[in-house]
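Since the structure comes first, as structure tokens, the remarks are kept for the end.
The values are calculated or read from the model by the stated rules, or taken from the named source; none is laboratory data. Because the structure is a prediction, the values reported are computed rather than measured. Reconstructed Cβ throughout: ideal geometry from the backbone, glycine too, with neighbour counts over all protein chains shown. Just so you know, the surface numbers come from the protein's heavy atoms only, side chains and all, with ligands and any DNA or RNA stripped out. Shrake-Rupley method; radii C 1.70, N 1.55, O 1.52, S 1.80 Å.
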Amino acid sequence: MAATIRDVARAAGVSPATVSYYLNDTKPLTAETGRRIEKAMADLQFRRNPVARALASRRSRIIALAYPFGVGHESYSARQFIVGAARAAAALDYNLVVWPVEDDGLELAKLAEQGLVDGVLLMDVRDDDPRVDALAKIGVPAALIGRTGDAVTLPYVDIDFDASVRLAADHLLDLGHRRIVLVNGDPDQGNLHGYGPYYRTEGAYRNLMGEWGLEPAVMLCGQTVVAGRAAAGRLLADFPDATAVIVMNELPAPGLTAELIHRGRSVPADISVMSLYSTVNVAAMSTPNLTTVTTPGTELGALGVEALLKHLGGFPVPPVLVTGRLVIGASTGPRADAA
């Protein structure tokens with residue numbers, strides 16, 4: 001027979017009501033009482049009833065991570081965000097569910113308004129994201145991994161794009177490169193109009209080129225390996241004097257590198273390739289393995305959950321920006337005529 005609340009109460013030397021208060025977190029108890037109840041539950045192998053707890057506390061202790069996986073918008077680094085968020089939620093006694101559907105916020109609002117989740121953590125945030133308004137209309141708390149154009153409306157954590165782009169550009173500048181092309185994401189592929197990382201990356205790049213008195217050069221490319229291969233041809237045709245390229249997004253960079261080599265260019269002897277916002281594992285899939293500024297996905301996933309739960313508790317949540325790491329691979333080297 002499974003242990004009951006009465007069995008736990010008897011073993012802990014407290015009343016059944018006290019055990020119920022502890023399980024449902026509906027009344028403060030002393031630390032010593034909590035320890036006795038926990039020990040009794042462990043000894044008796046008592047299992048909490050999450051449904052009963054949710055009914056008593058009016059909290060489901062479930063949060064949703066809305067991360068749309070659309071056609072032409074794939075990401076290996078997504079796993080890092082999800083794992084980081086799930087671990088942080090578990091450590092705070094919450095469960096995480098992932099909502100992978102790309103929509104205008106209506107489907108997400110239908111899920112949230114059923115009371116199945118306490119709050120929603122939004123990813124792939126657009127400048128004017130309809131999901132924010134949809135959740136606000138039904139009063140569901142939300143936080144962002146990313147930023148809208150009006151960043152003060154909700155708590156958020158995000159990549160420090162200025163610092164990340166500077167890491168990449170400074171590495172190439174230190175190697176003597178002065179004609180550096182940015183291959184940025186294409187908002188027309190994957191329905192990513194107003195996608196913050198695109199225009200923040202380009203803005204940071206243009207500012208840095210201005211600081212160094214260099215001419216900016218920007219190309220657009222989809223988020224696939226095939227798109228990266230196609231971009232290599234356009235790069236050689238449109239910017240034949242380029243000695244280095246920074247590729248925003250993790251999947252186009254290996255495709256662009258492979259196509260450059262296929263077309264007779266040596267990487268990095270003829271042209272250096274820098275991957276921006278990638279993972280070390282994806283960078284290692286390329287030949288040569290790519291120099292990259294990593295995506296701090298695990299950290300941002302955890303910080304996003306913490307921001308959401310603080311927001312749920314009514315606490316102020318200042319924004320947090322995180323920079324990836326510069327990991328040197330074999331795809332970048334000195335400019336050929338720098339010596």
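A compact table of results
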| item | result |
| --- | --- |
| Residue with peak Gaussian network fluctuation, the chain [Cα springs, cutoff 10 Å], from G264, G194, G149 | G264 |
| Spin-label zone in the range 118-157 - amide nitrogen under 16 Å from a point set 7 Å from the Cα of V322 along the C-beta vector | 121-125, 143-147, 156-157 |
| Rg(Cα)/(2.2 N^0.38 Å) for the chain, N = residue count | 1.23 |
| Accessible-area value, K110, 1.4 Å probe, nucleic acids and ligands omitted, Å² | 110 |
| Tilt relative to the chain, helix 252-262 - C-alpha long axis, 0 to 90 degrees, to 10 | 30 |
| Mean ellipticity per residue at 222 nm, deg cm²/dmol - from DSSP H runs of n ≥ 4 across the chain, formula -39500 (n - 2.57) | -13000 deg cm²/dmol |
| Two-site label geometry, N207 and A163: point separation in nm, points 7 Å out along Cα→Cβ | 1.3 |
| Degrees, to the nearest 10: 196-211 long Cα axis against longest axis of the chain | 40 |
| Charged-residue dipole, Cβ positions (Lys, Arg, Asp, Glu), the chain about Cα centre, Debye nearest 20 | 1460 |
| Whole-Å distance, taken between Cα centres, linking the range 211-241 and the range 242-309 | 14 |
| R0 of 56 Å, Cβ-Cβ distance S15-D150: FRET efficiency to nearest 0.05 | 0.65 |
| Antiparallel content of DSSP bridges confined to the chain, in %, to 5 | 10 |
| Spin-label model distance (nm) - D128 vs K27, 7 Å beyond Cα toward Cβ | 5.3 |
| Additional length obtainable on full extension of the chain from E113 to H193, 0.36 nm per residue less Cα span | 26.1 nm |
